[in-house]
1. Among what's in the stretch 17-34 and is at pLDDT below 90 and part of a helix (DSSP H, G or I), pick the residue that is nearest to the chain's Cα centre (by Cα).
2. So which of ASP52, ASP90, ASP38 ends up being over 20 Å from the mean Cα position of the chain (by Cα) and of a type in the set (D, E, K, R)?
3. Out of everything in the stretch 35-71 that is charged (D, E, K, R) and part of a helix (DSSP H, G or I), what residue ends up being surrounded by the most Cβ atoms within 10 Å (Cβ to Cβ)?
Amino acid sequence: MATLVAVILLGAAGLGVYAWSGTYAIGADVPHWPITYDVLAYSRNRAIARHDASIKVPADLESAARLQLGAQHYAEMCTGCHFEPGESGDEIRGGLHGTPSW
């Protein structure tokens, strides 16, 4: 049991040193290792499962005012990567991993 704990602690320390070193290219312009995608997907799915129960769908979800506000927020915060409807992309978007969609 002590050996298992030691291996886990050494592995965690090694991952911590590796993360601290800045060696791993975290940018969206370089593909990640498959295990990185798996860990990110797992973490995302667990976060969604944990937090989705607290989300209350607004009664006016499809109202014109809410749709207008959503379109404004999308234009302000999302179009840099996901573009406006009808736009096909540019060289920056094509170089991102994974490629943003809309």
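1. Taking the stretch 17-34 and keeping what is at pLDDT below 90, we get 18-19, 22-33.
Now narrow it down to the ones that are part of a helix (DSSP H, G or I): 18-19.
Numbers: TYR18: 21, ALA19: 18 Å.
Looking at residues that are at pLDDT below 90 and part of a helix (DSSP H, G or I), I get ALA19.
2. Numbers: ASP52 fails: over 20 Å from the mean Cα position of the chain (by Cα); ASP38 fails: over 20 Å from the mean Cα position of the chain (by Cα).
The unique qualifying residue is ASP90.
3. Of the residues in the stretch 35-71, the ones charged (D, E, K, R) are 38, 44, 46, 50, 52, 56, 60, 62, 66.
Narrowing the set further to residues that are part of a helix (DSSP H, G or I) leaves 38, 44, 46, 50, 52, 66.
On the way: ASP38: 11, ARG44: 10, ARG46: 10, ARG50: 9, ASP52: 8, ARG66: 13.
Looking at the filtered set, the residue picked out is ARG66.
The values are calculated or read from the model by the stated rules, or taken from the named source; none is laboratory data. Everything numeric here is computed off the predicted structure, so don't read it as measured data. Because the Cβ atoms are built from the backbone with ideal geometry, glycine has one as well, and the counts that use them run over all protein chains shown.
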